[in-house]
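Some notes on the structure that comes next.
The values are calculated or read from the model by the stated rules, or taken from the named source; none is laboratory data. For clarity, every value in this text was computed on a predicted model and none was experimentally measured. FYI the Cβ positions are ideal-geometry reconstructions off the backbone, even for glycines, and counts take in every protein chain you see. Surface accessibility is based on the protein's heavy atoms, side chains included, excluding ligands, DNA and RNA. Shrake-Rupley method; radii C 1.70, N 1.55, O 1.52, S 1.80 Å.
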Amino acid sequence: MADDIVIDKQVFHERLNNFVTKWKADKRSGDAVFNGASSIATVVGKASEPGSYLKPAAFQLWLLGYEFPATLFVLTPDIFQIVTTKKKASYLEPLKGGKIPMEILVRGKDAEENKKQFENCLETIKKAGNKVAVLKKESATGGFADEWKAAFQASDMKDEDQVDLGPILSNAALSVKDEKELRIIRDASRASSALMTNYFVEEMSEILDSEKKISHRTFADKVANKIDDQKFFQSQKLAKNFDPMQLDWCLPPTIQSGGKYDLKFAEESDDNNLHAGVIVSSLGLRYHTYGCVVGRTYMVGPNKVQESNYKLLLSVHDLVIKSIKDGVVAKDVYSKALNLLKSKKPELEKHFPKNVGYGIGTENKDGTLLLSGKSTRVLKDGMTLVISTGLTDLENEKPQDKKSKVYALVLVDTVRVGASECSVFTKDTASDLESVSFFFNESEEEESKPKPKRERAPAIAQTNITKTRTRHERATNQDAEKEEMRRQHQKELHEKKQQAGLETYGKGAKALNGTEEKKFKKFESYKRDNQLPTNVASLGIVVDKKNLTVILPIMGRPVPFHIHSIKNASHTPESDFTSLRINFLSPGQGVGRKDDQPFEDPNAHFIRSLTFRSHDIDRIDNITRDITELKKDVVRREQEKKQMEDVVEQDKLIPLKSRKPFSLDLIFMRPALDGKRIPGTVEVHQNGLRYVHGSGSVKVDILFNNVKHLFFQPSQHELIVIIHVHLKNPVMIGKKKARDVQFVREATEMQFDETGNRKRRHKFGDEEEFEQEQEERRRRAQLDKEFKNFAEKIADAARNENVSVDIPYRELGFNGVPSRSSVLIQPTTDCLVQLTEPPFTCITLAEIEIVHLERVQFGLRNFDMVVVFKDYSRPPVHINTIPVESLDPVKDWLDSVDIPFTEGPLNLNWATIMKTVTLDPHQFFVDGGWSFLSTDSDDEDAEEEEEESAFEVSESELAVSDESSEEDSEFDENASEEMSDEGSDDELSEEGEDWDELEKKAARKDRESNLNDEEEARKSKKSGGKQAAGKRKR
């Protein structure tokens, strides 16, 4: 190995020159860093312990890339003296010839000569100036170091002339890393995260699940030996040129549990057995001499208090990471963390550490770079830190066993200080509560719980005996205070909305639907006479499909009519001729939207229709068909054009070339591409996402500047795990327009043996099922973690576009019908979404004006929600058939996100309402704005309360009302419009019966009833009375 030592000359001179340049600049600017030192002396005695480097050795590693024991460095701005052995001097000789002269003094066996070398160095120090920088707490050992210490002390250097070298090396050399150093520390961090997540956690889960007994020391040694497993590291997601042979331990694996915790990780793991409670683990690999640390707390069956404390610690940890950036003072970071802890749980302050991190690099811990309450060190871009937040000696009020009475919580990450934010190198090791909590033997615990004793019911039915005399005192009014608070808050929101409306749409505000600009559309078929088709000379009817025109002969002249001016064409065959009737569009027809089209001349006359008669029935039939098809084609093209209006042409995707892009494979995209259903790969590039379908023949690009929302929906209670992208503007995917794009993978594994053929020979009963459930749970958790990490990588790449990952809150979800089927609709931080079934729903909360709840009345089992947007030109969104059990949760959620809502007993005609709003918004808000919705609902509530006190609804009436509610839930405005459009006269004639048929049926029933009466009369011998009754019936 010694012959392989080659020092990088370029890096050596570059770093040495930078160091001396900073030194000279500091002298000119007031000696803030070097404290007036004119020389530096640092010595390395014996070789450092494996994986542990102190400042002198770290300085050697920074300059040379190797540690040289028994070596002295004396450095001034003008000369660099090195005292070392002959063998080491041979490696240093090639470094001569730089800007700073180097003098290498070779030690031999002659003690007098060696003494003269030290005197030479001391003379250099004295010539340079009065002050010399040395390590105040010198820790070098060995004969060489002792000789230098003796010579230095004999030189009578005054204590006041000695400056501490530690902060100087940290500030000027070791703390701020260059790009090469940062890449090395990132690789070390990723390898440490992989070892923690993919080996330690898996082994720990297996040990706890199988209830094996293993000591902390044995388990730690097992993890430590994994460093020699090159195949393990080659199988992880590390850099292509990653060399596992360059790995060493910075912090050997430390495992603690069972009530004894040392969060400084200064001692090795003890011989106590691993305890299934709170388990603290930390480790750190060193790669190319640069180290890192990652640590996590894992909890088995935590109680609510432990979960609460962990969540608080996690929020403090995240705050520290978010606070770190270039220019921030270290003590400010600590103060923010402590203040957050005090505001949430002040009683935990005494359990919080005195610092929340320190610098790391070649040195295991930079004691001069602490994130403590007293440190005035300024953080700089390029620094690497270990962030360590924890709570020690916490008492467990509800311990699971004796060893669980005291516990500790800790989170440790290695980060890089950036110009505007902090990058977490160990983020692959999950720290959320779900990932660090483990629950085993759930079924056994359930079985072991004692069954509650059944108490004998008393002789008197207590359900009919009330303890309160008045309704006001009953339990149903326990939430009256909460309801009143919600009512008051809603009142404030409505007042703000009304005030904002009046300010936005002041007096003289124009209509929002563009009525003033509407004009009667004019179409030009031909600009000159010679553009008409040549066959018009015969004065026949000509359909010019090229120019979208029908040319009709009128009074001996060919007159062109653009197809847009024609409403429809029909022909009616008669005896020996047929009539062609062409109807035209014109103002004032009273046909809905065309009715409000103005024309410049109010006295103008319009042709409503023209009729032509001909004996050539086939020709008229062809003309009618051509006009109808031309009209259909034009309408279809207009609809397609209107549909494509908001589709944007995206910029080009810029592929990553510097490295392999982050990717996620075995992904299906929704909406699906045409062709065979084949999984593809999603890649994160410089300015967007790329989905590569199957073999790579089809690619779909989504740019970050077109992403409005990014969602991650885990596989919990679902069959798929989803990353959902909601776009600002739609894009074309195949031949379809899409505003929502999903990347999904099925959460259920279909390729495993459900019968368990092989295992069933050895295991019987529920044990195998339990194992399969555990495996399914782990597989889903791993899948969720993989997708969540990828979503965070997308958000990280798109941070310049303010894209962040949003996760639906399933516990706040409610069932409803936004489109065709009933689905679970879930709120997120910024949206209300339904991401499971297409068509997807994504409503941005910031765009909502007001929410109205329809069909809210006693006896109905469902209600509807109408979302009105601030952009009044957007049609309101309807979510129908929401169970009435969700009414209060929906109200609470709407109130919590500051969205004003109203409720009413009936479905409203929202098309008419929105037309009124857009026609004159100023007058709308002058008249009270949206208050008309709440007024109706308040009156209705008052009536209901009066009626409720007067009578009680019977079960039969309630059943009838339930049936009517189900029928109402399937009906809305859109359904009525579809029925009116789709229903034809033929269908009505088939379903309905005329009066003649009804009278015949009635007469037939009378006869049948009369015959029955006569038969009964004969049996009972009372025919007279029965016949009279039959006549009366008739």
Which of Phe523, Phe561 is most accessible, then next, and so on - probe 1.4 Å: Phe523, Phe561
Relative intensity, log₁₀ I(q)/I(0), of segment 811-933 from a Debye sum that treats every alpha carbon as a point, q = 0.16 Å⁻¹: -0.79
When each of Lys311/Lys354; Lys115/Lys180; Lys325/Lys497 is checked by Cα-Cα distance, pairs over 31 Å: Lys115/Lys180; Lys325/Lys497
Whole-Hz ³J(HN,Hα) from phi, Karplus 6.51 cos²θ - 1.76 cosθ + 1.60, for segment 251-268, glycine and proline x: 10, x, x, 10, 10, 9, 6, x, x, 10, 9, 10, 6, 7, 6, 7, 10, 6
Karplus 3J(HN,Hα) series, Hz, for segment 300-315 with 6.51 cos²θ - 1.76 cosθ + 1.60 (x for Gly, Pro): 9, x, x, 8, 5, 5, 4, 4, 5, 5, 5, 4, 5, 4, 5, 5
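Which of Lys237/Lys785; Lys55/Lys158; Lys260/Lys365; Lys264/Lys365 have a Cα-Cα distance over 18 Å?
Those over the limit are Lys55/Lys158; Lys260/Lys365.
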Residue-wise HN-Hα coupling along segment 769-783, computed from phi with Karplus coefficients 6.51, -1.76, 1.60 (Hz; x: Gly, Pro): 4, 4, 4, 5, 5, 4, 5, 4, 5, 5, 5, 5, 4, 5, 5
Above-threshold pairs, the threshold being 28 Å between Cα atoms, out of Lys708/Lys737; Lys222/Lys403; Lys345/Lys788; Lys226/Lys380; Lys96/Lys137: Lys345/Lys788; Lys226/Lys380; Lys96/Lys137
Per residue value of the accessible surface for segment 771-908 (all protein chains in place, 1.4 Å probe), Å²: 43 Å²
Förster radius 51 Å - calculated FRET efficiency between Asp159 and Gln234 (Cβ-Cβ, nearest 0.05): 0.40
Alpha carbon convex hull of segment 9-174, volume per residue in cubic angstrom: 110 Å³
Cut-off under 5 Å, modelled amide H: who pairs with Ile899 long-range: none
For segment 9-174, size of Cβ-based charge dipole, Lys and Arg +1, Asp and Glu -1, in debye: 460 debye
Residues Tyr91 and Glu112, FRET efficiency given R0 of 25 Å [Cβ-Cβ distance, rounded to 0.05]: 0.45
Asn907 long-range amide H proximity, modeled H, under 5 Å: Arg855
Sequence of Arg486, Arg670, Arg28, Arg874 when ordered by accessible area, the most exposed leading, probe 1.4 angstrom: Arg28, Arg874, Arg670, Arg486
Cα-Cα pairs of segment 179-435 separated by more than 30 Å (percent): 25 percent
Cys831 long-range amide H proximity, modeled H, under 5 Å: Leu845
Rounded FRET efficiency, nearest 0.05, which uses the C-beta distance separating Lys374 from Lys325 and R0 of 25 Å: 0.75
In segment 59-156, trypsin sites (Lys or Arg not before Pro) in a DSSP loop with at most 14 other beta-carbon atoms within 10 Å: Lys96, Lys99, Lys109, Lys136, Lys137
Rounded to the nearest 10 Å², the accessible area of Thr534 at probe 1.4 Å: 130 Å²
Solvent exposure ordering (accessible area, 1.4 Å, most first) of Ser372, Ser873: Ser873, Ser372
Long-range tail of P(r) for segment 281-364 (Cα pairs > 18 Å, %): 55 percent
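Near Asp674, within a Cβ-to-Cβ distance under 11 Å, what is the net charge of the other residues, with Lys and Arg +1 and Asp and Glu -1?
Charge balance near Asp674 sits at +4.
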Whole-percent carbon and sulfur share, accessible surface of segment 195-293, 1.4 Å: 44 percent
For segment 179-435, accessible area per residue (1.4 Å probe, heavy atoms of protein chains only), Å²: 44 Å²
